[in-house]
Amino acid sequence: MEELQETARRVIRALRSVDDGKYSNLRVAVIGGLARMYYCESEERVTKDVDFIVDIPGLTVTPELKTAISRLPNSGFSMPTDVLYCGYTTPKGTAVSHQVDFIARDICPYLPSAAQRVQDIAEGDIPYISRPDLIVFKIFSCGLRATTTRKGGIDAEDAEQAIVEDRIDDVVSYFEDRPRSWWRERLGLPEEDGGADSKEEEDQHEHEHEQHDEKEDRKADNEGDKGGDKKGVEGSSEEDVKAR
């Protein structure tokens with residue numbers, strides 16, 4: 001974790017200096033795996049990347065930001081493809097290389113209050129997203145993957161369950177295509193009273209999703225068949241012309 005934190009600090013320093021301070025007023029915060037490791041000492045997942053949410057609208061600016069950082073001389077940053085890496089050697093002589101990602105605010109539920117302007121971040125400090133916001137972001141990302149199977153739900157710790165419970169109504173209203181019971185199971189929350197009714201409701205939603213997917217598949221197949229028939233007709237016409 002210490003190495004990941006050092007990478008985060010190096011990114012912040014780079015943001016201060018890149019393009020003569022062009023991004024010094026940019027608000028940033030650390031999210032994702034590193035933030036979870038920071039709050040959950042028992043976190044066993046090993047992450048090798050550092051994720052920042054950045055107060056930049058649109059999705060085209062973040063590649064420009066990564067490119068600018070990768071061009072800093074003697075900084076240890078590189079971008080062999082479209083992925084930004086931070087590489088350096090620790091005092092113990094260990095070679096380190098971490099992927100760095102910038103996530104535009106547009107694809108997140110909101111810009112967390114913990115986000116700070118780069119120029120206001122004290123040397124050595126790391127602006128982590130707050131624990132409640134981290135949970136909300138996790139819920140949000142879970143919603144974006146709502147078409148996955150029921151397996152692999154989020155295991156909310158006791159200290160987190162109250163926060164998740166408090167936000168569950170907002171989540172259900174935002175993602176209207178999934179019932180409350182689905183979210184509770186997905187987020188590792190205990191089943192509410194009336195579980196049988198909730199299960200029936202969830203199964204109905206699952207059935208509707210399956211029907212929708214089957215309908216889309218049939219539509220795609222029909223369009224493909226029509227395209228093939230059209231080509232066949234056109235081909236026959238050419239052969240007829242040649243024969244004549």
Q) Looking at segment 99-121, which of the residues that are assigned to a loop (DSSP other than H, G, I, E, B) and more than 11 Å from the chain's Cα centre (by Cα) is nearest to R10 (Cα to Cα)? A) I121
Q) Within segment 55-74, which residues are polar (S, T, N, Q), modelled with pLDDT of 90 or more and surrounded by 16 or more Cβ atoms within 10 Å (Cβ to Cβ)? A) S70
**Q.** Top-ranked residue of segment 30-54 - restricted to ones that are over 18 Å from R10 (Cβ atoms) and part of a helix (DSSP H, G or I), ranked as modelled with the highest pLDDT
**A.** R36
Q: Enumerate the pairs (first residue in segment 75-90 and part of a loop (DSSP other than H, G, I, E, B); second residue anywhere and surrounded by 13 or more Cβ atoms within 10 Å (Cβ to Cβ) and small (G, A, S)) with beta-carbon separation below 7 Å, excluding pairs fewer than 6 apart on the same chain, so at least 6 apart or on different chains.
A: S75/A14; G76/G87; M79/S70
Q. Taking the stated definitions as given, is Y23 touching a helix residue (DSSP H, G or I) at 6+ places or on another chain (Cβ under 8 Å), among the hydroxyl-bearing types (S, T, Y) and under 15 Å from A104 (Cβ atoms)?
A. yes
Q: Scan segment 42-60 and report the pairs whose first residue is of a type in the set (S, T, N, Q) and whose second residue is modelled with pLDDT of 75 or more, with Cβ atoms within less than 6 Å and a gap of 6+ or a chain change.
A: T47/G33
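How about segment 15-29: which of its residues are without any contact (Cβ under 8 Å) to a residue 24 or more places away in the chain and either in a loop (DSSP other than H, G, I, E, B) or crowded, with 21+ Cβ neighbours inside 10 Å (or both)?
Residues satisfying the conditions do not exist here.
The values are calculated or read from the model by the stated rules, or taken from the named source; none is laboratory data. Everything numeric here is computed off the predicted structure, so don't read it as measured data. So basically every Cβ, Gly included, is an ideal-geometry build from the backbone, and we count neighbours across all protein chains shown.
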